[in-house]
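One structure is given here, and the rest of the page talks about it.
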Amino acid sequence: MIQDVESSPWQRPELWAEMEMSLFTAAGALSMENSSLLSSLTQQIARNYESIDEILTTLCRQSCPSCDDVCCRHATVWYDFRDVLFSCFHKQTIPVRQIHKKENGVCMHLQADGCRLARLERPFICTWYVCPLQKQLLDGGDEKVRVQCADSLDEIKRTRKQLEELFCSFV
Ligand code: SF4
Ligand code: SF4
């Protein structure tokens, strides 16, 4: 998500801890059957992330090192509810805190060689966003790769929505 950091959810550590406790309490009260169903959706999401990781990493190698307007330097991103649900039911854990910007306005996870988080640990928005230069590279490359990328991103988006809807219907 990209918006004013003050309005991003659970920015303060105590709010993050409160959300974590509520989430795990609700998740722990689910029936085994419902819990397994949600876990299987997160595995589906993870498979789709993994299927495009190499494509996206290659695009980054081709474009990011020479980029003069690095998106992670000015974008404001945060974990939304679907991101934390995914982590909770995929790995039975969630990130230690909400993402914030450092004093210089840059995302706390940006390092000299790019994002320090594994793809599955990043907010979905960081994978979903394909910048104009990378879009140009995708459009000019192998059609099958472009379609695979678009289909997997759509599938992740659809399954994340389903995950939230099912979870909310179970609690
Ligand atoms: S994803 Fe695009 S905008 Fe962001 S650093 Fe790479 S080339 Fe630059
Ligand atoms: S989490 Fe990683 S990919 Fe997302 S904005 Fe921060 S540095 Fe960039």
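Just so it is clear, none of the values below were taken in a lab; they were calculated from the coordinates. Treat the numbers as computed from the prediction; the structure is a model and nothing was measured. Neighbour counts run over all protein chains shown; Cβ positions are idealised from the backbone, glycine included.
Of the trypsin sites (Lys or Arg not before Pro) found in the range 1-102, those in coil by DSSP whose Cβ has at most 10 other Cβ atoms within 10 Å are K102. Subtracting the Cα-Cα distance of A150 and F24 from their residue separation scaled by 0.36 nm leaves 42.1 nm.
All other residues whose Cβ lies under 12 angstrom from that of R61 are scored, Lys and Arg at +1 and Asp and Glu at -1, for a net of -2. Panel order for S152, S66, S39, by other beta carbons found within 10 Å of each beta carbon, from fewest to most: S66, S39, S152. As a calculated quantity, the FRET efficiency between V130 and K91 at R0 = 25 Å, using C-beta atoms, amounts to about 0.45. Under 29 Å of direct C-alpha separation, and excluding same-chain neighbours fewer than eight residues apart, K101 reaches these lysines: K91, K135, K157, K161. At a Förster distance of 22 Å, what's the computed FRET efficiency of K161 paired with A118, Cβ-Cβ distance as r, to 0.05? In this case the efficiency is close to 0.45. Our coupling estimate for the range 110-121, obtained by passing each phi through the Karplus curve with A = 6.51, B = -1.76, C = 1.60 and θ = phi - 60°, is 7, 10, 4, 9, x, 6, 7, 8, 5, 3, 5, 9 Hz, Gly and Pro reported as x.
Working note: Karplus 6.51/-1.76/1.60 with θ = phi - 60° gives the range 153-168 the couplings 5, 4, 5, 4, 4, 5, 6, 4, 5, 4, 4, 5, 4, 5, 4, 5 Hz, where Gly and Pro are set to x.
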